[in-house]
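This report concerns only the one structure given below.
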Amino acid sequence: MYAYQSLSEVARYLYRPPRTRQDCADAIARVSTATAWAHDGDTLTLAVCRNDSRHVIGEILLKLADARARQVEIGWVFHPAHSGRGYATEAARAAAVAAFGPLRAHRLFARLDTRNGASVRLCERLGMRREAHLVENDLDATGWGSEYIYAALSHELAR
Ligand SMILES: CC(C)(COP(=O)(O)OP(=O)(O)OC[C@H]1O[C@@H](n2cnc3c(N)ncnc32)[C@H](O)[C@@H]1OP(=O)(O)O)[C@@H](O)C(=O)NCCC(=O)NCCS
């Protein structure tokens with residue numbers, strides 16, 4: 001986790017600074033026991049490995065944003081050394097299947113910085129629809145940021 005979460009290029013669109021080694025240790029301690037899926041904010045963090053190696057190459061997050069309406073947010077962070085080969089797409093697709101299957105999502109959505117082209121393309125490869133363009137809805141040290149919201153319902157992704 002530290003190998004990729006510590007990189008500024010990875011943190012660029014995550015709305016927080018790169019993680020230190022201690023941040024990563026704290027995060028792993030927190031997320032490795034976080035298996036609840038019942039209340040708003042419950043989040044599952046899935047480590048992603050290739051079939052031929054036990055090394056973690058990235059992570060997929062599923063967050064129960066609204067338990068009553070079964071709204072689930074998906075997120076992804078991968079090591080750039082493993083980019084461009086479809087691993088994030090394959091992992092996100094598997095997470096979407098889990099979200100709409102055992103996790104009973106009604107709607108799956110992602111929020112991303114409009115400048116995050118790789119994430120935009122990932123959402124579109126998954127078959128998500130661009131639902132919103134929030135203009136300068138965020139402010140950080142680099143200035144105003146704008147976001148897209150992508151989403152899909154179960155039957156739309158099945159198609
Ligand atoms: C977002 C992120 C996960 C995307 O990574 P990625 O490497 O582009 O995604 P994938 O592993 O699915 O690879 C897809 C790319 O490989 C190509 N590819 C090659 N073989 C492929 C295959 N078998 N299947 C799918 N895509 C394949 C695709 O064409 C695509 O390239 P393109 O985007 O230039 O068209 C990565 O950039 C990242 O971790 N960024 C930092 C964290 C971040 O910003 N997270 C999002 C916050 S909202």
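The values are calculated or read from the model by the stated rules, or taken from the named source; none is laboratory data. The structure displayed is predicted, hence computed values, not measured ones. FYI the Cβ positions are ideal-geometry reconstructions off the backbone, even for glycines, and counts take in every protein chain you see.
Looking at Leu153, Leu126, which is the one that is over 27 Å from Ile57 (Cα atoms) and surrounded by 13 or more Cβ atoms within 10 Å (Cβ to Cβ)? Break it down stepwise before answering.
Working: Leu126 fails: over 27 Å from Ile57 (Cα atoms).
None of the others qualify; the one that does is Leu153.
Would you mention how many residues in region 1-45 are at pLDDT 95 or above, farther than 17 Å from Leu64 by Cα and of a type in the set (Lys, Arg)?
The qualifying residues number 2.
Within region 1-31, can you find the residues that are in contact with a strand residue (DSSP E or B) (Cβ under 6 Å, 6 or more places away or on another chain) and not in a loop (DSSP other than H, G, I, E, B)?
First, the residues of region 1-31 that are in contact with a strand residue (DSSP E or B) (Cβ under 6 Å, 6 or more places away or on another chain): 13, 31.
Once the filter is applied, which keeps residues that are in contact with a strand residue (DSSP E or B) (Cβ under 6 Å, 6 or more places away or on another chain) and not in a loop (DSSP other than H, G, I, E, B), region 1-31 yields only Val31.
Give me the pairs: first residue in region 144-158 and part of a helix (DSSP H, G or I), second residue surrounded by fewer than 17 Cβ atoms within 10 Å (Cβ to Cβ), beta-carbon distance under 6 Å, and six or more apart or on different chains, which are they?
Leu157/Gly127
Can you tell me which residue within region 65-86, out of those that are assigned to a strand (DSSP E or B) and near the ligand (Cβ under 6 Å from one of its atoms), is surrounded by the fewest Cβ atoms within 10 Å (Cβ to Cβ)?
If we filter region 65-86 for residues that are assigned to a strand (DSSP E or B), which is where we start, we get 65-66, 71-78.
Filter again for near the ligand (Cβ under 6 Å from one of its atoms), leaving 75-78.
On the way: Gly75: 18, Trp76: 22, Val77: 20, Phe78: 21.
Here the residue is Gly75.
Go through region 91-112 and give me each residue that's more than 7 Å from the ligand (Cβ to nearest atom) and either aromatic (Phe, Trp, Tyr) or in contact (Cβ under 8 Å) with a residue 60 or more places away in the chain (or both). Even if it seems obvious, please write down each step before you answer.
Pass one, region 91-112, residues more than 7 Å from the ligand (Cβ to nearest atom): 91-109.
Passing the criteria: Ala96, Phe100, Leu103, Phe109.
Among the residues of region 97-115, are any out of contact with any strand residue (DSSP E or B) (no Cβ under 7 Å at 6 or more places or on another chain) and among the hydroxyl-bearing types (Ser, Thr, Tyr)?
No, because not a single residue in region 97-115 is out of contact with any strand residue (DSSP E or B) (no Cβ under 7 Å at 6 or more places or on another chain) and among the hydroxyl-bearing types (Ser, Thr, Tyr).
Among the residues that make up region 117-138, is at least one of them in a loop (DSSP other than H, G, I, E, B) and either basic (Lys, Arg) or more than 14 Å from the ligand (Cβ to nearest atom) (or both)? Before you say what the answer is, go through the steps one by one.
First pass over region 117-138, keeping only residues in a loop (DSSP other than H, G, I, E, B): 127-128.
Then drop every residue that is not either basic (Lys, Arg) or more than 14 Å from the ligand (Cβ to nearest atom) (or both), which leaves none.
No, region 117-138 contains no residue that is in a loop (DSSP other than H, G, I, E, B) and either basic (Lys, Arg) or more than 14 Å from the ligand (Cβ to nearest atom) (or both).
Residue under question is Val120, and the condition is that it be free of Cβ contacts under 8 Å to residues at least 40 places away in the same chain, buried (at least 17 other Cβ atoms within 10 Å of the Cβ) and touching a helix residue (DSSP H, G or I) at 6+ places or on another chain (Cβ under 6 Å); does it hold? Lay out the reasoning, then the answer.
Working: free of Cβ contacts under 8 Å to residues at least 40 places away in the same chain: yes; buried (at least 17 other Cβ atoms within 10 Å of the Cβ): yes; touching a helix residue (DSSP H, G or I) at 6+ places or on another chain (Cβ under 6 Å): no.
Here the answer is no, as Val120 does not meet what is asked.
Report, by residue number, each residue of region 44-64 that is within 22 Å of Ala3 (Cβ to Cβ), surrounded by 15 or more Cβ atoms within 10 Å (Cβ to Cβ), more than 10 Å from the ligand (Cβ to nearest atom) and of a type outside the set (S, T, N, Q). Quick ask: steps written out before the conclusion?
Going through region 44-64, the residues within 22 Å of Ala3 (Cβ to Cβ) turn out to be 44-61.
With the extra rule that they be surrounded by 15 or more Cβ atoms within 10 Å (Cβ to Cβ), the set shrinks to 44-48, 56-61.
Retained after the next criterion (residues that are more than 10 Å from the ligand (Cβ to nearest atom)): 44-47, 56.
Leu44, Leu46, Ala47, Val56, listed by residue number.
Could you say which residue among Arg111, Arg125, Arg129, Arg107 is at negative phi, among the charged types (D, E, K, R) and in contact with a Ser or Thr (Cβ under 6 Å, 6 or more places away or on another chain)?
On the way: Arg111 fails: in contact with a Ser or Thr (Cβ under 6 Å, 6 or more places away or on another chain); Arg129 fails: in contact with a Ser or Thr (Cβ under 6 Å, 6 or more places away or on another chain); Arg107 fails: in contact with a Ser or Thr (Cβ under 6 Å, 6 or more places away or on another chain).
On inspection, the qualifying residue turns out to be Arg125.
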